[in-house]
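Okay, structure first, notes after.
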Amino acid sequence: MSLGRIERIHDELFQFLENYMGKHNGFNFMPKQTNHYGRLDRGYWFPGNDKYLLIGFYSGHDSFNKTSNICFQAHLTAQSGRPLNTCSIQLSNTPNSEAYASKKPVIENIMKKLGGFEVSCINKYGLERRWNRYYSTNNYLQCIEEFVSKDKPVIDYIIEQANNPHLGFLEEVQTKQKISSIISRRVL
């Protein structure tokens, strides 16, 4: 079976991360957890839809928009004046969402240390709730490699130092189960 463009992107990113995980002890990522709308059946290994995908590397979710507080994002269509396959680090923390105040200094520290974040979403009260830091290339494999090798270690250090019960590292057992489930579904 031949993969379509979107399925191929999911598969190539999954394969990159699976290989990286095999070479780096303690490295975890979270693929899609449910087959909502039959997307796993279609080869969508990460949360998202036909327009974008998100890859989580940390625990902690924005309870308002139901996404990870910290994730890697790939736009699968041209969006917001940006070209196809634009990638970014996305930070999300909606005011009044669960543990908002606890997560706010961690999110702010990540933005300060990495720099280059742009506000990408404001709530109905005019308060910032989502920020993106875009990569300079639209080659998603180069972007994910830059994320895991350069940006993620900075974020890891901030998360470790913060010791925040609402924003931390993924549980290895759970991620391995989800990754194994995807491996069994993949078309090789």
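Tabulated results
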| read-out | value |
| --- | --- |
| Flag for TYR44 being assigned to a loop (DSSP other than H, G, I, E, B) and over 16 Å from GLN177 (Cβ atoms) | yes |
| Subset tally (residues that are more than 23 Å from LYS150 (Cβ to Cβ) and not acidic (Asp, Glu)) for region 75-102 | 15 |
| So LYS104, is it over 14 Å from GLY168 (Cα atoms), of a type in the set (Lys, Arg) and without any contact (Cβ under 8 Å) to a residue 12 or more places away in the chain | no |
| Region 92-119, residues that are among the small types (Gly, Ala, Ser) and farther than 11 Å from ILE70 by Cβ | SER97, ALA99, ALA101, SER102, GLY115, GLY116 |
| Some residue of region 70-79 being under 12 Å from the mean Cα position of the chain (by Cα) and under 14 Å from HIS166 (Cβ atoms) | yes |
| Counted residues, region 48-72 - those being more than 15 Å from SER92 (Cα to Cα), assigned to a loop (DSSP other than H, G, I, E, B) and either free of Cβ contacts under 8 Å to residues at least 40 places away in the same chain or touching a Phe, Trp or Tyr at 6+ places or on another chain (Cβ under 8 Å) (or both) | 2 |
| Selected residue (only one of PRO95, PRO105 is surrounded by fewer than 21 Cβ atoms within 10 Å (Cβ to Cβ), in a loop (DSSP other than H, G, I, E, B) and not polar (S, T, N, Q)) | PRO95 |
| Complete set of residues in region 26-38 that are surrounded by 13 or more Cβ atoms within 10 Å (Cβ to Cβ), modelled with pLDDT of 90 or more and not in a strand (DSSP E or B) | PHE27, ASN28, PHE29, PRO31, LYS32 |
| Residues located in region 156-179, provided they are touching a helix residue (DSSP H, G or I) at 6+ places or on another chain (Cβ under 6 Å) and part of a helix (DSSP H, G or I) | ILE158, ALA162 |
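The values are calculated or read from the model by the stated rules, or taken from the named source; none is laboratory data. Just so you know, these numbers come straight off a predicted model, no measurement behind them. Glycine also receives a Cβ, built like all others from the backbone with ideal geometry; neighbour counts cover every protein chain displayed.
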